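The values are calculated or read from the model by the stated rules, or taken from the named source; none is laboratory data. Just so we're clear, the structure is a prediction, and the values are computed from it rather than from any experiment. With ideal geometry, Cβ positions are generated from the backbone for all residues, glycine too; neighbour counts draw on all protein chains shown.
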Amino acid sequence: MTNFYNIAIVLSFVGLWINAILPQNLEIILGFLLIFSFGILHGSNDILILDTIENKKSQFPFLKILITYVITVLIVVVVFYMLPSFALLLFILFSGFHFGQQHWEHKDLNVSMVVKNMFYAIYGLLVLNLLFVCQSKDVINIVDIITGQKITVTLIQYTFIVNTILLITAAGYLLLKNSDLKSQLLAEVFYLLLFAIIFKVGTLIWSFAIYFIFWHSIPSLLEQIQFIYGNISKKSIWDYCKKALPYWLVSLTGMAVLVYLFEDTALFYALFFSFIAAVTFPHTIVINKLFMNKKTQPE
């Protein structure tokens, strides 16, 4: 993935250039297009990943995944309605772990699984906290819409400071266990500085899209294709996309309904992130099973 991260750096600077030349409304539209394409696609083949892990095929995969995701969406909607603060916090924690795991799983940290998982969560949460600090005004509005609670800029800043201290402490511990990580950790400092610039200059959606697509979704897609087909080629990419197409279309249909119903209201953003949460919960579990299964496979 290191080679792709070099490409992601270039794409990120392209994203900054686009931010400088496009009006804000077009930038937001482009951000949604990226999220609805690569972003949704990277979470559309969970059933195929599970079939590969279990070495068996479901008789009705489309029906099963459709029912699973509809039920999941309904559960998330109910939880967000009944316990919105708890649901939002859980979503942030799941997302943080998922982002951190995807970014660090292929690196040899030379620590226990418990420590690894804690580090994944700390790193991923710091990326999210960095976004929250840089886009605090929009984040406060969205949290208010979802939970009815008005958080403060000070709370966001203190959370970011605590998270930063935790990451520095965790990084120091990793260096004690594996001094070879020094160059990688220095690279991560550069990545985080780049994220800070992206998050600060763009809109919330465009900033999130650049990170979510170039630094998470596309690397995850490549990881999934490699795991399912054993290689990354034009054929394996095409086969993956064909398998994902029905589930991707179902997801797009759901989002299209939200856009049609709520495009002119602030509620759309709350519903949008609630929808992303509905996909994130099961997807995080599936990807975790993918990585765990890779570790048990013979070299």
So is residue 213 among the aliphatic types (A, V, I, L, M), under 13 Å from the mean Cα position of the chain (by Cα) and modelled with pLDDT of 90 or more or not?
-> yes
Give the range 81-114 a look and list any residue that's over 17 Å from the mean Cα position of the chain (by Cα), part of a helix (DSSP H, G or I) and touching a residue at least 12 places away in the same chain (Cβ under 8 Å), or say none.
-> 84, 85
Within the bounds of the range 192-206, is there any residue that is more than 23 Å from residue 35 (Cβ to Cβ) and without any contact (Cβ under 8 Å) to a residue 24 or more places away in the chain?
-> yes
Return a yes/no flag: does the range 117-124 have any residue that is surrounded by fewer than 19 Cβ atoms within 10 Å (Cβ to Cβ), farther than 28 Å from residue 213 by Cβ, hydrophobic (A, V, I, L, M, F, W, C) and at pLDDT 90 or above.
-> no
From the option list 168, 156, single residue qualifying as free of Cβ contacts under 8 Å to residues at least 24 places away in the same chain, under 24 Å from residue 216 (Cα atoms) and not aromatic (Phe, Trp, Tyr) is 168
Could you please tell me which pairs satisfy a Cβ distance under 6 Å, a separation of 6+ or placement on different chains, a first residue in the range 228-241 that is touching a residue at least 12 places away in the same chain (Cβ under 8 Å), and a second residue that is among the hydroxyl-bearing types (Ser, Thr, Tyr)?
-> 228/52
Collect the residues in the range 95-148 that are aliphatic (A, V, I, L, M) and under 18 Å from residue 272 (Cβ atoms), keeping them in residue-number order.
-> 128, 131, 139, 140, 142, 143, 145, 146
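For every residue, the table says whether it meets (1) touching a helix residue (DSSP H, G or I) at 6+ places or on another chain (Cβ under 8 Å); (2) buried (at least 21 other Cβ atoms within 10 Å of the Cβ).
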site: 168; (1), (2): no, no
site: 175; (1), (2): yes, no
site: 189; (1), (2): no, no
site: 197; (1), (2): yes, no
site: 221; (1), (2): yes, yes
site: 233; (1), (2): no, no
Looking only at the range 125-156, count how many residues are of a type outside the set (A, V, I, L, M), more than 22 Å from residue 210 (Cα to Cα) and surrounded by 14 or more Cβ atoms within 10 Å (Cβ to Cβ).
-> 2
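Can you tell me how many residues within the range 23-50 are crowded, with 16+ Cβ neighbours inside 10 Å and without any contact (Cβ under 8 Å) to a residue 40 or more places away in the chain?
Total meeting the criteria: 0.
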Selection status of residue 181, over 20 Å from the mean Cα position of the chain (by Cα), among the hydrophobic types (A, V, I, L, M, F, W, C) and modelled with pLDDT under 95 = yes
Residue check, residue 86 closer than 21 Å to residue 216 by Cα and either touching a helix residue (DSSP H, G or I) at 6+ places or on another chain (Cβ under 8 Å) or modelled with pLDDT of 90 or more (or both) | no
